[in-house]
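Following: one structure in structure tokens, then a few remarks.
The values are calculated or read from the model by the stated rules, or taken from the named source; none is laboratory data. As the structure is a prediction and not an experimental result, all values here were calculated from the model. Heads up, the Cβs are rebuilt from the backbone with ideal geometry, glycines too, and the neighbour counts pull from every protein chain shown.
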Amino acid sequence: MKWSQTHLYTLKESPADAEIESHKLLVRSGFIKKLAPGLFTYGAMALRSLRKFEAILRQELEKVGCVEVLMPVVQPKEIWQETGRWTTMGDGLLKFKNRNQHEFCLGATHEEAVTDYIRHDIKSYRDLPKIIYQVQTKYRDEIRPRFGLMRGREFIMKDAYSFDLSQEAAHDSYEKMYQAYQNIFNRLGLDYRVVQADSGSIGGDKSHEFHVLAESGEDHLLVEEGSDYAANSEVCMSQPSIAPSVKATGEKMAEIETKGIRTIESLSSYLNVPANHLVKTMFFDISSDPKKHQPIAVLVLGDDEVNPVKIKNLLKLDLPPEPINEAQVKALTGAMPGSCGPVNLKCDVYMDKAVESLPEIVVGANKDDIHLKNVVAGRDFKVKQVADFRLAKPGDKGPNGGTLKSYRGIEVGHVFYLGNKYSKAMNANYLDANGKSQIIEMGCYGIGVGRTVQAAIEQNHDKDGMIWPMALAPFHVHICHLDPADESANEKVEALNQALAASQIDVFIDERKARPGVKFKDADLLGFPVRVTAGKRGLENGVFEVVVRKSKAKHEVEISKAAEFIQNLVRELNEQ
């Protein structure tokens with residue numbers, strides 16, 4: 001393809017609303033253009049990259065027996081009501097009415113739609129298993145769309161759904177898709193990690209995320225050194241370290257005056273007690289009804305933080321609970337935050353298991369400027385449940401004893417075992433070999449198509465522009481044709497183009513009437529793996545200059561040998 005044959009216009013300056021490099025580069029290169037917040041037009045170059053990724057997805061999914069369909073973006077209210085998500089999805093679901101006043105939403109996800117699709121057809125155990133997938137547009141009404149394709153409102157996703165006879169069979173499908181995902185991301189040549197994760201509002205109790213590593217990643221990952229354990233910090237398990245010197249005094253609970261002390265740091269200094277020997281009381285609202293409140297208290301060590309996702313999972317909530325505000329804390333406890341504790345509370349009290357290692361604790365007295373010492377769980381207050389509520393941190397010991405190391409990641413894929421959450425709610429059943437009705441077991445598997453393409457750029461760029469991995473590059477070779485008015489030069493460039501095209505190498509030719517410096521800058525910005533310079537001086541000497549975008553390595557290659565040299569170079573880069 002020639003530059004003049006496409007619609008491509010580059011920019012010198014980054015857009016004001018772009019916060020991360022990949023977003024800036026995709027806009028500057030003309031790959032995407034904003035139509036409205038969170039809505040983008042994909043240019044011809046971006047679309048080529050997306051289509052290449054989609055081809056990889058289809059190849060690997062069809063190897064494991066997946067069947068492609070295409071479901072509507074517009075979905076009726078009724079199927080979402082069957083699962084209860086018409087309400088629980090909240091404002092993220094864009095709802096509207098048609099001219100007949102029937103209510104619909106734009107598909108934020110397709111669990112309901114796909115369950116409705118199969119439930120009318122699957123009758124017998126002979127009809128299963130099945131894995132159905134699509135590549136389709138989704139819409140989620142993000143409060144603050146940002147980072148370009150990373151967190152847009154409208155985006156392209158590959159979503160797949162498995163349907164099985166039993167939990168064991170569903171786990172087999174899960175493992176099959178897990179391996180397919182590894183094959184997909186291995187082909188992209190990206191540095192990625194697979195981590196244990198929370199299932200979020202989708203549901204299910206088996207979940208892994210696929211993350212492309214990048215410093216700007218929104219997700220915090222913890223990887224245990226010396227083991228295979230890795231998890232999103234939201235669900236990461238760890239072993240809290242408690243000093244063994246803590247001993248019980250055996251004394252009764254007593255008040256301590258702590259005037260003006262509102263933080264663990266100031267309390268630690270005042271009492272000359274380490275923060276991990278103190279306990280803080282945090283309050284959350286676990287009600288699913290926004291018009292009602294159901295506060296709970298969670299106790300953690302003073303140097304720990306509460307993980308709301310772990311509360312959600314333990315209590316089987318739809319979403320992680322929000323902390324209650326200062327006024328609500330005062331109304332519940334009679335004191336301001338910082339002076340609150342579990343004694344005589346009129347709500348359920350949950351305790352992190354690390355707190356169990358302290359035989360006596362210091363907590364707020366639910367009176368301003370007063371704390372209690374020598375407090376004993378079970379004696380002085382009732383604990384509803386002890387569990388892991390703490391947010392794991394780098395440096396903690398992981399579940400296998402290794403140290404947890406911190407990474408930043410961009411989530412690009414997620415696999416869930418759903419169980420029968422949707423099939424039960426929507427009466428998706430089958431008759432087993434004995435003629436008895438059974439509920440279908442389901443799994444869900446998503447990959448953000450545009451998100452992965454942008455994540456590849458976030459991981460692979462430099463100060464000059466993008467550095468495309470071979471598998472996703474819109475074109476493999478970028479020819480900077482510096483003398484398009486010379487017929488002899490045109491013939492040499494076209495001959496090279498034809499020879500490379502015959503080897504399935506995609507070639508982009510910049511034959512604009514522009515200065516060499518402009519063409520070189522744009523070539524670096526676009527970031528295709530190999531650049532070929534066809535200049536007057538080089539052609540007179542019988543050579544093309546070949547430059548590897550990533551390493552900047554330069555080669556002067558005889559014109560007659562250029563096609564073979566570039567073919568071998570592309571093959572090498574593809575294998576890296």
Review point. Pairs, please: C-beta under 6 Å, at least 6 apart or cross-chain, first residue within 14 Å of Gly535 (Cα to Cα) and in region 469-497, second assigned to a strand (DSSP E or B) and of a type in the set (Ser, Thr, Tyr)?
Key: Cys480/Thr533
Check your understanding: Ser4 passes all but one of (1) exposed (fewer than 14 other Cβ atoms within 10 Å of the Cβ); (2) in contact with a strand residue (DSSP E or B) (Cβ under 7 Å, 6 or more places away or on another chain); which number fails?
Key -> (2)
Exercise for review: Among the residues of region 471-487, write down those that are surrounded by fewer than 21 Cβ atoms within 10 Å (Cβ to Cβ) and hydrophobic (A, V, I, L, M, F, W, C).
Suggested key: Ala471, Phe475, Ala485
Review point. What about Ile457, is it at pLDDT 95 or above, closer than 30 Å to Ser233 by Cβ and aliphatic (A, V, I, L, M)?
Key: yes
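So which strands (runs of 3 or more DSSP E) are wholly in region 62-108 and hold at least 1 residues that are charged (D, E, K, R), modelled with pLDDT of 95 or more and exposed (fewer than 14 other Cβ atoms within 10 Å of the Cβ)? Working first, answer last.
Values: elements: 74-76, 95-97, 103-106.
Because the criterion is at least 1 residues that are charged (D, E, K, R), modelled with pLDDT of 95 or more and exposed (fewer than 14 other Cβ atoms within 10 Å of the Cβ), the strands (runs of 3 or more DSSP E) in region 62-108 that meet it are 95-97.
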Revision key, fill the gap. Among Glu326, Glu322, the single one that is of a type in the set (Asp, Glu), within 33 Å of the chain's Cα centre (by Cα), surrounded by fewer than 17 Cβ atoms within 10 Å (Cβ to Cβ) and closer than 17 Å to Asp369 by Cα is Glu326
Revision key, fill the gap. Output for Cβ contacts, cut-off 7 Å, separation at least six or different chains, first residue modelled with pLDDT of 95 or more in region 519-546, second surrounded by fewer than 19 Cβ atoms within 10 Å (Cβ to Cβ) and polar (S, T, N, Q), reads Asp522/Thr10; Leu525/Thr10
Check your understanding: Does any residue of region 100-120 turn out to be under 24 Å from the mean Cα position of the chain (by Cα) and without any contact (Cβ under 8 Å) to a residue 24 or more places away in the chain?
Key -> no
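To keep it simple, each residue is scored yes or no on (1) among the hydrophobic types (A, V, I, L, M, F, W, C); (2) in the same structural domain as Lys130 (by TED's automatic domain parsing); (3) closer than 28 Å to Phe416 by Cβ; (4) in contact with a Leu (Cβ under 8 Å, 6 or more places away or on another chain).
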site: Ser22; (1), (2), (3), (4): no, yes, yes, no
site: Tyr42; (1), (2), (3), (4): no, yes, yes, yes
site: Met45; (1), (2), (3), (4): yes, yes, no, yes
site: Glu60; (1), (2), (3), (4): no, yes, yes, no
site: Pro72; (1), (2), (3), (4): no, yes, yes, no
site: Gln75; (1), (2), (3), (4): no, yes, yes, yes
site: Thr83; (1), (2), (3), (4): no, yes, yes, no
site: Gly92; (1), (2), (3), (4): no, yes, yes, no
site: Asn98; (1), (2), (3), (4): no, yes, no, no
Practice item. Go through region 12-61 and count every residue that is in a strand (DSSP E or B) and surrounded by 20 or more Cβ atoms within 10 Å (Cβ to Cβ). Key: 2
Review point. Are any of the residues in region 164-185 assigned to a strand (DSSP E or B) and either more than 16 Å from the chain's Cα centre (by Cα) or not assigned by TED's automatic domain parsing to the domain that holds Met442 (or both)?
Key: yes
Exercise for review: Tell me, please, whether a residue that is of a type in the set (S, T, N, Q), without any contact (Cβ under 8 Å) to a residue 60 or more places away in the chain and out of contact with any helix residue (DSSP H, G or I) (no Cβ under 7 Å at 6 or more places or on another chain) can be found in region 399-420.
Suggested key: yes
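In region 260-379, which helices (runs of 4 or more DSSP H) lie fully inside it and hold 2 or more residues that are farther than 25 Å from Asp198 by Cα? First the steps, then the outcome.
Values: elements: 264-271, 308-315, 326-333.
Helices (runs of 4 or more DSSP H) meeting the threshold: 264-271, 326-333.
Any idea how many residues of region 403-422 are of a type in the set (Gly, Ala, Ser) and either in a helix (DSSP H, G or I) or surrounded by fewer than 15 Cβ atoms within 10 Å (Cβ to Cβ) (or both)? Please lay out each step first, then the result.
Pass one, region 403-422, residues of a type in the set (Gly, Ala, Ser): 406, 409, 413, 419.
Subsequent filtering for residues that are either in a helix (DSSP H, G or I) or surrounded by fewer than 15 Cβ atoms within 10 Å (Cβ to Cβ) (or both) retains 406.
Counting residues in region 403-422 that are of a type in the set (Gly, Ala, Ser) and either in a helix (DSSP H, G or I) or surrounded by fewer than 15 Cβ atoms within 10 Å (Cβ to Cβ) (or both) gives 1.
Results for (1) at pLDDT 90 or above; (2) assigned by TED's automatic domain parsing to the domain that holds Leu332; (3) surrounded by fewer than 20 Cβ atoms within 10 Å (Cβ to Cβ), shown as yes or no for each residue.
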| position | (1), (2), (3) |
| --- | --- |
| Pro244 | no, no, yes |
| Ile261 | yes, yes, no |
| Val273 | no, yes, yes |
| Thr281 | yes, yes, no |
| Asp285 | yes, yes, yes |
| Ser288 | no, yes, yes |
| Lys291 | no, yes, yes |
| Gln294 | yes, yes, yes |
Review point. Is it true that some residue in region 519-542 is basic (Lys, Arg), out of contact with any helix residue (DSSP H, G or I) (no Cβ under 7 Å at 6 or more places or on another chain) and crowded, with 18+ Cβ neighbours inside 10 Å?
Key: yes
Review point. For Ala248, which of the numbered conditions (1) surrounded by fewer than 20 Cβ atoms within 10 Å (Cβ to Cβ); (2) more than 26 Å from the chain's Cα centre (by Cα); (3) assigned by TED's automatic domain parsing to the domain that holds Leu345 fails to hold?
Key: (3)
Study note, to complete from the structure: All-but-one check, Gly395 against (1) assigned by TED's automatic domain parsing to the domain that holds Glu305; (2) without any contact (Cβ under 8 Å) to a residue 60 or more places away in the chain, failing number (1)
Review point. Out of the residues in region 116-141 that are of a type in the set (D, E, K, R) and crowded, with 16+ Cβ neighbours inside 10 Å, which is farthest from Met426 (Cα to Cα)?
Key: Asp141
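Just give me the residues in region 310-319 being under 17 Å from Ala354 (Cβ atoms) and crowded, with 17+ Cβ neighbours inside 10 Å, in sequence order.
Taking region 310-319 first, the residues under 17 Å from Ala354 (Cβ atoms) are 310-311, 314.
Of everything in region 310-319, those that are under 17 Å from Ala354 (Cβ atoms) and crowded, with 17+ Cβ neighbours inside 10 Å turn out to be Lys310, Ile311.
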Revision key, fill the gap. Given the conditions (1) farther than 27 Å from Lys513 by Cβ; (2) in contact (Cβ under 8 Å) with a residue 12 or more places away in the chain; (3) not small (Gly, Ala, Ser), every one holds for Leu35 apart from (2)
Point to revise | Sole residue being assigned by TED's automatic domain parsing to the domain that holds Glu209, surrounded by fewer than 21 Cβ atoms within 10 Å (Cβ to Cβ), more than 32 Å from the chain's Cα centre (by Cα) and at pLDDT 95 or above, chosen from Ala425, Ala433, Ala499 | key: Ala433
